[in-house]
Structures are given as structure tokens and as C-alpha cells.
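Only one structure is covered here, and it is reproduced in the block below.
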Amino acid sequence: MQIYKATDYKDMSRKAANIISAQVIMKPNCVLGLATGSTPIGTYQQLIEWYKKGDLDFSDVTTVNLDEYKGLPRTNDQSYYYFMHQNLFDQVNINPENTHLPNGMEPNSEKECARYESLIHSLGGVDLQLLGLGHNGHIGFNEPGEAFEKETHCIDLQERTIEANKRFFASADDVPKQAYTMGIKTIMQAKKILVIVSGEDKADIVAKAFFGPVTPAVPASILQMHNDVTLVGDEAALSKIPR
Ligand code: GLP
């Protein structure tokens, strides 16, 4: 695992954007696995800035997102579809037809998860997967206790995740209780993985996930077994890792 220490959120975002843009430059028709949450917003802003300067071209890029709330329409400003269009897709020259997320409005979980998983396979897999990290060690929406061998599936969100995400909704009751997410197995099949972390509140989980035992109780800990993981974190988030 490569660890890059950034001074702050802006520096973390810039370093992560550098790694993503290197991927796009080296393989213009790459498949990027993308993430939502507050952590990647700065990374996307940096990519947009470089695109606007003429330094990046997304015309041949394909994207697959990690997850989507079940039951939220695309027009809901808390859907990950909306988030991705707002924070990246609508601001760069990516072909919207080449951007993919699970369809939260498909009520048949089995059908939707099978469709999404086979889509990823038909694209030849993910070249570079971007990941944030939940406070309980979740990646995508793979909550603690989930089997490592799962592919895309429907999950019940844990109380803590609902709590953490309620700031974006009118109340905790409005936060969807389920989501579709790539499974750990899907994530582990990505050729490269880039994890970004920021802030003191992530310091404990970063130390546990990357330097503690590999266990389903900390879903991100499985990343220790991947052969091409890069962790970019700011000083606060990396403050508890061993020297
Ligand atoms: C959500 C997303 C995850 C994300 C996590 C952390 O639960 N499904 O993909 O990594 O939040 O979010 P944040 O970056 O806001 O801390």
C-alpha cells in the first residue's frame, strides 16, 4: 500500500485528482469507479478545474458508481445520481451515456444488482476505484459484518450511517433505509484502488482499517489484501497510523 500524506483537505483533493488524471491520461478509455460523500467533492472540483483549463479529456471515460439509495428518484437532490451530475458529470465532457449508477428506483433488488454487476463485467472491470471511508469502516455501503465475498447487493443501512447522513435530509426519518451497493468482492476486483480520507474524526478508523486485523467487522480492512491500493489522507486523518 502506498500512503501519501497531505497537509489538508485541499492538498488531499489535489493529490487524489492527480492520481485520477494520470489514469485518464494513460488510458483515455478507462473505467473509473466513483464515490460520493463529502470527501471526494474537492477531488471532483480539482478535476473540473483541470478539464476547464484543457488539461483533461473525459470524452472516452466510462464511470461506475459504488452505490445508490434505494427508493430515491434521480431528481431527489440527495440521490447519488443527482450528486454525481451536480459535482462532476455536468461540468466535464463525459458522455452521460457512459456514466452508470445503480438504479435506486428499481424495486426488484435481485434484478437491479444482477444488472449492475454484469454491467461492470461487460465494461471489462474497473481500472481505478475511488473510495471514501465511513466512520464504521464501511466502503460503498458495505456495513460491518457483511461477507467479504458479496457482489452488488441491497443492504439495510446501519443506524450510525443513517445518523451520519441525516445532515443532508430534512430529518433522520427521511434518510432511506436501504441502498444498492457494489459488494466487497466487486470493489476488490478493481485493478487499482484509491482511498481518500480527511479530518480528525476519521483518524481512528483509518488506523483500524489499514493497520488493524482484517475482519468483516471493519469492511475496509480487506483493502490490506489488495495489491494496488493508494491511501491519500490529510494529516488529521493519518494522525493515528503507526509511523
Ligand atoms: C456514504 C457513502 C460512502 C462514503 C461515506 C463517507 O455512506 N456511501 O461511499 O465513503 O458516506 O462519507 P464522507 O466522505 O462524507 O465522510
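The values are calculated or read from the model by the stated rules, or taken from the named source; none is laboratory data. Just so it is clear, the structure is predicted and the values come from calculations on it, not from any experiment. Reconstructed Cβ throughout: ideal geometry from the backbone, glycine too, with neighbour counts over all protein chains shown. Note: accessible area is taken over every heavy atom of the protein model, side chains too, but ligands, DNA and RNA are not part of it. Shrake-Rupley method; radii C 1.70, N 1.55, O 1.52, S 1.80 Å.
Assorted remarks:
- Computed over segment 100-205, the P(r) tail beyond 18 angstrom holds 53 percent of alpha carbon pairs.
- Three-way shape label, segment 12-93, alpha-carbon gyration tensor, a/c 1.5: prolate
- Kirkwood Rh in Å, taken over the chain so that all alpha-carbon pairs contribute: 17.9
- Proximal lysine pairs, segment 1-84, alpha carbons under 28 Å, eight or more residues apart or interchain: 12
- With contributions of -39500 (n - 2.57) from each DSSP H run of at least four residues, the per-residue ellipticity at 222 nm computed over the chain stands at -9000 deg cm²/dmol.
- Candidates 89, 169, 148: whichever shows maximal mean-square fluctuation once the chain is modelled as a Gaussian network with Cα springs under 10 Å: 169
- Alpha-carbon centroids, segment 26-64 and segment 120-148: separation in whole Å: 18
- Over all distinct Cα-Cα pairs of segment 148-243, the Kirkwood formula returns a hydrodynamic radius of 14.9 Å.
- Nonpolar atom fraction for segment 107-185, defined as the carbon and sulfur part of the 1.4 Å probe accessible area, stands at 51 percent.
- Residues within the reach of a label modelled at residue 105 (point 7 angstrom out along Cα to beta-carbon, backbone nitrogen below 16 Å), restricted to segment 48-75, are 68-75.
- The orientation-averaged projected area of the convex hull spanned by the Cα atoms of segment 64-159 comes to 6.9 nm².
- With a cut-off of 12 Å between beta carbons, the residues surrounding residue 140 carry a summed charge of -3, where Lys and Arg count +1 and Asp and Glu -1.
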